[in-house]
1. Name the single residue that is farthest from the other protein chains (Cβ to nearest Cβ) among those in the stretch A:120-146 being of a type in the set (Lys, Arg) and touching a helix residue (DSSP H, G or I) at 6+ places or on another chain (Cβ under 6 Å).
2. Could you tell me whether A:Pro83 is modelled with pLDDT under 95, in contact with a helix residue (DSSP H, G or I) (Cβ under 9 Å, 6 or more places away or on another chain) and either more than 14 Å from chain B (Cβ to nearest Cβ) or at positive phi (or both)?
3. Can you pull out the residues in the stretch A:1-18 that are within 15 Å of DNA strand C (Cβ to nearest atom), in a helix (DSSP H, G or I) and modelled with pLDDT under 80?
4. Looking at the stretch B:38-49, which of its residues are more than 14 Å from chain A (Cβ to nearest Cβ) and within 8 Å of DNA strand D (Cβ to nearest atom)?
5. Out of all the residues in the stretch A:86-119, which are within 26 Å of B:Gln32 (Cα to Cα), modelled with pLDDT of 90 or more and of a type in the set (Asp, Glu)?
6. Could you give every pair whose Cβ atoms fall below 6 Å, whose first residue belongs to the stretch B:168-186 and is at the interface with chain A (Cβ under 7 Å from one of its Cβ atoms), and whose second residue is acidic (Asp, Glu), counting only separations of at least 6 or pairs across chains?
7. Taking B:Leu28, is it away from chain A (no Cβ under 14 Å) and away from DNA strand D (no atom under 12 Å from the Cβ)?
8. Applying the selection to the stretch A:34-56, what residues are crowded, with 17+ Cβ neighbours inside 10 Å and more than 10 Å from DNA strand C (Cβ to nearest atom)?
Protein chains: 2
Amino acid sequence: MTYADFMTQPKRRDKAATRAALLEAARLRFAQHGYDGTGVRDIAGDVGVDPALVFRYFGSKDRLYGEAVNVEVPAGLGDDGRPLAHITDALLHDVVFADWEQFDGEHPLLVMLRSSGRPAIRDQLRERICADYLQDFAGRMGGVDADLRAELVGALLLGLGVMRSLVGSPALSDATFEETRTLVARMVTALDEDRP
Amino acid sequence: MTYADFMTQPKRRDKAATRAALLEAARLRFAQHGYDGTGVRDIAGDVGVDPALVFRYFGSKDRLYGEAVNVEVPAGLGDDGRPLAHITDALLHDVVFADWEQFDGEHPLLVMLRSSGRPAIRDQLRERICADYLQDFAGRMGGVDADLRAELVGALLLGLGVMRSLVGSPALSDATFEETRTLVARMVTALDEDRP
DNA sequence: GCCATAAGTCATCGATCGATGACAATGGAT
DNA sequence: ATCCATTGTCATCGATCGATGACTTATGGC
C-alpha cells in the first residue's frame, strides 16, 4: 500500500500499511530536506499518525533512514560483453533520467549525497557507488588506468544527476533523454578508445 | 588572523581576530557537517569563545553561513578567445584539484551542495554555478545546443569534485592533476568538436 | 591610576529534538 | 457478547537548538 492509498482510505488499523506509508513519507522528507533537516514528527505528520509509531516500527530515526534509502537499484549490469557505451547509455536512461517518484524525483544516491555530512551515510554512499558501478565500468575498459577512467565516467553520470535534480541547471533539467544520450556517448567513447 | 594563529597566541581581546577565527571555524564545520549538522556552540567551542559572540558579530546563524561560504572564486574566466579546453583545464586545476584548506579541502560549491536541503542555499548554489561557469562555457562553444553541451561540461567538473571530496572514490582521490587533465581534455574536446 | 568604551561571559528563554513507557482503542477469535 | 493481542495515542523526559539581554572584565586614552 502506497502513501497516497493510505491517505485516501478510511483509517483502518493495518501495521504493514502504516509502516509502508511511514517509509514512503520518510523517503520524500529525507530527499527534500536531508537527514538533519527532517524530524520524525514531520514524517509522522505526513502520514497522520503519532510520532511514537516511528520508534515502535523502526527503532530509531537512524534505522528508519537506513531502511528508507536502501532500495534496490535496477542496475542492469552483468558480466555480459556489452561495451561501456551501452552501459552508460542504459544508466543515463534508468538512473539519471528516471523519475524516482518515491524520492520526489531524485535518485537515492543523490538523496544520500544531501545527507553526506554524517560519516555513516557518506561511507555507505561511497560503498554503493564503488561496488555497484565503478567496478563494473573498470571491468569493461582496457588500458592501465582503467580504474581512473572508470571513475571519470562515473563522475560524469553523477554530475549529470547532481546538475539535474540538486542544482537544477536550466538546459539539463529541460533536456530530454534523446537529446542528451548522443552527447554523453561522445564523451564516454572518447575515454574508452585506446590511444597510444 | 587565521584560526590557527588565534589559537596559539595568548588570549587578547581583538574583535577583528575573533570574528575572523569564528568565520574560519564556521567554514570547517559547515564543510564537514552541513548547515543543519553544525551548531553555533560547536563553532564557538572550536574558537574557545562564548556562543553569544556569534550572534553579536553575525546576527544569526544564517548570516554567518552566508558570509562563510561567500568566498570569491578565482575564476580566471574572461572574454578572451581561449578555447574551452583551456578553460576547463584551468578550472580542473584551480577548482577541482585545488586544496581549499579553509573548507577542509572542499570547494565552497561542494560545501553548499551538502547543505542543499535548505531552499535558500540551493538557490544560491544554482545561481553561482550558472552565472560563474555555465554561461562562460556556452559562450565558448558553437552550435545550436551550446547551452546543453556547456552544462555537460559543467556536470563533468562538478561530478569530479563530488567524487573526489564528497564520495572519496579511490582512483580519483589518489590521482594527480597531471594524470587526470589529459583524460578530461579528451572528454571535453569530444563535445566541443562540431560534428555534422 | 581612573574611567569610559569595547570585548567577552553568563544565565536563561521558548522551541524543538529523539526517544520512552504507560495508557486507550480497535478488531478478530471464541 | 467476551476476551485478549495488536495497533495507535498521550504525556513527558532530558538534551540541544538558536537567540536575547544583563552582567563582568579587559583595554586604551587621559
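The values are calculated or read from the model by the stated rules, or taken from the named source; none is laboratory data. As the structure is a computational prediction, the values presented were derived from the model and not from experiment. Cβ: placed from backbone, ideal geometry, glycine included. Neighbour counts: every protein chain shown.
1. A:Arg140
2. In short, yes.
3. As a first pass, look at the stretch A:1-18 and keep what is within 15 Å of DNA strand C (Cβ to nearest atom): A:6, A:9-18.
Filter again for in a helix (DSSP H, G or I), leaving A:6, A:15-18.
Hit for the stretch A:1-18 is A:Phe6, nothing else.
4. Across the stretch B:38-49, the qualifying residues are B:Val40, B:Arg41.
5. Of everything in the stretch A:86-119, nothing turns out to be within 26 Å of B:Gln32 (Cα to Cα), modelled with pLDDT of 90 or more and of a type in the set (Asp, Glu).
6. From residues that are at the interface with chain A (Cβ under 7 Å from one of its Cβ atoms), the pairs are B:Ser169/A:Glu151; B:Ala171/A:Asp147; B:Ala171/A:Glu151; B:Leu172/A:Glu151.
7. Details: away from chain A (no Cβ under 14 Å): no; away from DNA strand D (no atom under 12 Å from the Cβ): yes.
In short, no.
8. A:Gly34, A:Asp46, A:Val47, A:Val49
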